[in-house]
Amino acid sequence: MTTPCRDQPLPAFAELTAAQARGHACVSCGTLIGPGAVYRGVVFGHEGGLLLDADVWACGPSEGGP
Ligand SMILES: [Zn+2]
């Protein structure tokens, strides 16, 4: 049994791709998100003393697995 993208733990900010950090790609599998995407919240990170945050999304129930 595979855990759906929307139920997987959020990665660290440093692990996000640019597309994931911008909310264009699933935070778990990296697939471009579609209409059924599920909002997962905000991932925070630091870079050069700046606080960064990214709104991340995951595949919806009809995509990326069971
Ligand atoms: Zn996914």
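Coordinate-derived values only; no laboratory data. Model, not experiment: these values are computed from the prediction. For neighbour counting, all protein chains shown are included, and Cβ atoms are generated from backbone atoms with ideal geometry for every residue, glycine included.
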How large is the helix-only mean residue ellipticity at 222 nm for the chain, computed as the sum of -39500 (n - 2.57) over DSSP H runs with n ≥ 4, divided by its residue count, in deg cm²/dmol to the nearest 500?
-1000 deg cm²/dmol
Magnitude of the Cβ-charge dipole (Lys and Arg +1, Asp and Glu -1) of the chain about the Cα centre, nearest 20 debye, reported as 120
Highest GNM mean-square fluctuation among 16, 32, 52, for the chain with Cα springs under 10 Å, belongs to 52
Candidates 41, 30, 49, ranked by Gaussian network fluctuation over the chain, Cα under 10 Å, top entry:
49
Roughly what % of Cα-Cα distances in the chain sit above 14 Å, to the whole percent?
51
